[in-house]
Amino acid sequence: MPGPNIIIVGGGLSGLCLAHALVAQGCSVTVFERDPSRNARGQGYRLTIDDTGSESLQACLPPRNYDFIRATAGAVGKTGAFVFLDEHARELHRFTFDLEAGERRGHITGQVDRHTLRQALFAGLGDHVHFGKAFAHYEEVPSGVIAHFADGSTAEGDMLIGADGTNSRVRRQRMPEAEPRDTRIRGVFGRTPVSRVDLPVLGRLLTNAGIMALGPRGHVFFDDYFMWAVGVRSLNGADLGELDTTAMHVIAARAVDGFHDDCQALVRASNPNDLVVVPIRAAPPLKRSAPGPVTLIGDSIHTMPPFGAHGANTAFKDARTLAAKVGDRTRPFVVADALDAYESSLRRYSRPVVKSAMRMMFFATADFPFKDAIVRTALRTARVFSR
């Protein structure tokens, strides 16, 4: 019996991961991506792949694709770490990861360049991906669902999966109540060439660790192999769309005033043209909605702050979970039932992850001395008891 005909809106990480899993099950899958080509725009910074993400990718991808991603991951040494520092680069707490244990389990260890990862996910999908298809809306029909695109074309399938990110148009129609909320935190993301900067203190840490420096006034600085981000609580009321990269660079540099010289050097030596400002948003708690032929995965349904590296890993888990529900042949296949079962699982595992990311952001961006002192004391205490 042939598998269902499935439309995936969005050719990002979760949509492509899902496509591989569904194709392997014999489903007819078409991915509609709004960009004109796979290289039409930059793909941001590096991603940390944890056990959840690694296991999900391994379950969804052909071995060749998974092995390529694993081979290109940036693990160094036997252990990795994430280190909390104060603004003077004094260590508050260190989380250590056993990279060798992950290697023994065949997991991806360390971090993966987002562009490289996306190229690996495109590999093997060929004609399944259609570019230049900006989604407009969908309509449910007795035979399933019809997707309408901005160019006037349509596509009909048994189900439609929205994998179109934080600004998902599919979500606005399917679950308008799940629109992400603005946390009023802005992330300024940048990169600094190794040749431009000498880091006598942070350089030692960055050989096998990511760092987060907690500073005064609710500012936070964290770096990942010379990819860095500065979190600020506001941009002086400026419209993000009106800021040029030079203005972004000034804001980032001001935010790390008073931080260790290495932190300031990383920001100031970066190329302003590489900077991106991102509003940090978070999805509200998900509620059950009436089942139908449309559902969502990844950032389109559980946007979360980038604190804890959970976003992409949870998105890969979405792909694995949804593919398993669609492929479940222990009972008669009914589209609405399969998607309802998936959303039930999604609500159960995504809620604590979003809460955790929100909690980390709240503590990291402490904006008054009393709360700042509590966070630092808690981290120092954790460091003592973890020895």
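Structure above, values below:
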| item | result |
| --- | --- |
| Residue match in region 347-354 (condition: aromatic (Phe, Trp, Tyr), assigned by TED's automatic domain parsing to the domain that holds His137 and either assigned to a loop (DSSP other than H, G, I, E, B) or on the phi > 0 side of the Ramachandran plot (or both)) | no |
| Among the candidates Val232, Val267, residue that is at pLDDT 80 or above and not assigned by TED's automatic domain parsing to the domain that holds Leu47 | Val267 |
| Residue in region 168-186 that is surrounded by 17 or more Cβ atoms within 10 Å (Cβ to Cβ), at pLDDT 75 or above and more than 30 Å from Leu339 (Cα to Cα) present | yes |
| Qualifying residues in region 136-186 (those that are assigned to a helix (DSSP H, G or I) and of a type outside the set (A, V, I, L, M, F, W, C)) - the one farthest from Leu16 (Cα to Cα) | Glu177 |
| Single residue of region 287-309 satisfying the filter (part of a loop (DSSP other than H, G, I, E, B) and touching a strand residue (DSSP E or B) at 6+ places or on another chain (Cβ under 8 Å)) that is surrounded by the fewest Cβ atoms within 10 Å (Cβ to Cβ) | Gly292 |
| Wholly enclosed strands (runs of 3 or more DSSP E) of region 29-104 bearing at least 2 residues at pLDDT below 60 and under 25 Å from Val353 (Cβ atoms) | 79-86, 91-98 |
| Which numbered condition Thr245 fails, given (1) touching a His at 6+ places or on another chain (Cβ under 7 Å); (2) free of Cβ contacts under 8 Å to residues at least 40 places away in the same chain | (1) |
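Per-residue answers, yes or no, for (1) among the hydrophobic types (A, V, I, L, M, F, W, C); (2) outside the structural domain of Ala309 (by TED's automatic domain parsing); (3) within 26 Å of Arg172 (Cβ to Cβ):
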| position | (1), (2), (3) |
| --- | --- |
| Ala19 | yes, no, yes |
| Glu33 | no, no, yes |
| Ile49 | yes, no, no |
| Glu55 | no, no, no |
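The values are calculated or read from the model by the stated rules, or taken from the named source; none is laboratory data. All of these numbers come straight from a predicted model, not from anything done at the bench. Cβ: placed from backbone, ideal geometry, glycine included. Neighbour counts: every protein chain shown.
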